[in-house]
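A short write-up of the structure that comes next.
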Amino acid sequence: GLLKEAEKFQQRFKKYRYELDHLIQEIITKRKTIAIWGAGSFGITIMSLFQSLSKNLATIVDRDYRKHGLTFLNFDSIVRPPEYLIDHPVDYIIVCSQYSSEIIEDIRMKYSLSATIVSLTPRIEIIK
């Protein structure tokens, strides 16, 4: 029943968190630059769960102009428009949004960014 489903979810979450933590550590060890795309609850949750990521973050970008210029408690990065990455390129963009497929298309087509993309939904996927 419900308890069994909750246990399955917990196992999937642990595996997801382990995989993402391993990937973040690998990126940081290689001294690569990282941006988070998505200043909503998903992005904030990811930064909260992975302190090493928030400490090694170049910037946070979001398409929502109402978020530009904001900072979040416990995070030094300022939210900037996506265009910021054109003049300030990073090695990796971690997409923290339910609109990941649209964002990935924008990263490549609209902004012509060559960063490696890490999509987090529906599963962790690295797009070179």
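The values are calculated or read from the model by the stated rules, or taken from the named source; none is laboratory data. Please read all numbers here as calculations on a predicted model, not as lab measurements. We place every Cβ from the backbone using ideal geometry, glycine too, and count neighbours over all the protein chains shown. Remember, those area values only see protein heavy atoms, side chains included, never the ligands or the DNA or RNA. Shrake-Rupley method; radii C 1.70, N 1.55, O 1.52, S 1.80 Å.
Of all lysines in the structure, the ones whose alpha carbon falls short of 22 Å from that of residue 15, not counting any fewer than 8 places away in one chain, are 4. With R₀ fixed at 30 Å, the C-beta to C-beta distance from residue 26 to residue 68 puts the FRET efficiency at about 0.50. Rolling a 1.4 Å probe across all protein chains gives residue 105 an accessible area of roughly 120 Å².
Taking max minus min of the alpha-carbon positions on each principal axis, the chain gives extents of 51, 29, 28 Å, largest first.
Given in Å, the Rg to one decimal and the Dmax to the nearest whole number for the Cα atoms of the range 83-128 are 9.9, 30. Counting heavy atoms of the protein chains alone, residue 100 has an accessible area of about 10 Å² for a 1.4 Å probe.
The helix-only estimate of mean residue ellipticity at 222 nm for the chain, built from DSSP H runs of length n ≥ 4 each weighted as -39500 (n - 2.57), is -12000 deg cm²/dmol after division by the residue total.
How much length would be gained if the chain were fully extended between residue 15 and residue 78, taking 0.36 nm per residue of separation minus their Cα-Cα distance, in nm to one decimal? Mind dumping the intermediate values first?
Values: separation 63, 0.36 × 63 = 22.68 nm, distance 3.02 nm.
Answer, rounded to one decimal: 19.7 nm.
Solvent exposure of residue 29, expressed as accessible area, is near 110 Å², computed with a probe of 1.4 Å over the protein chains only. By the rule of a C-alpha distance below 15 Å, with chain neighbours fewer than 8 residues away ignored, the aspartates and glutamates paired with residue 30 are 21, 91.
Which Cα, out of 48, 25, 58, lies furthest along the positive dipole direction of the range 24-128 (beta carbon charges, K/R +1, D/E -1)? Result: 25.
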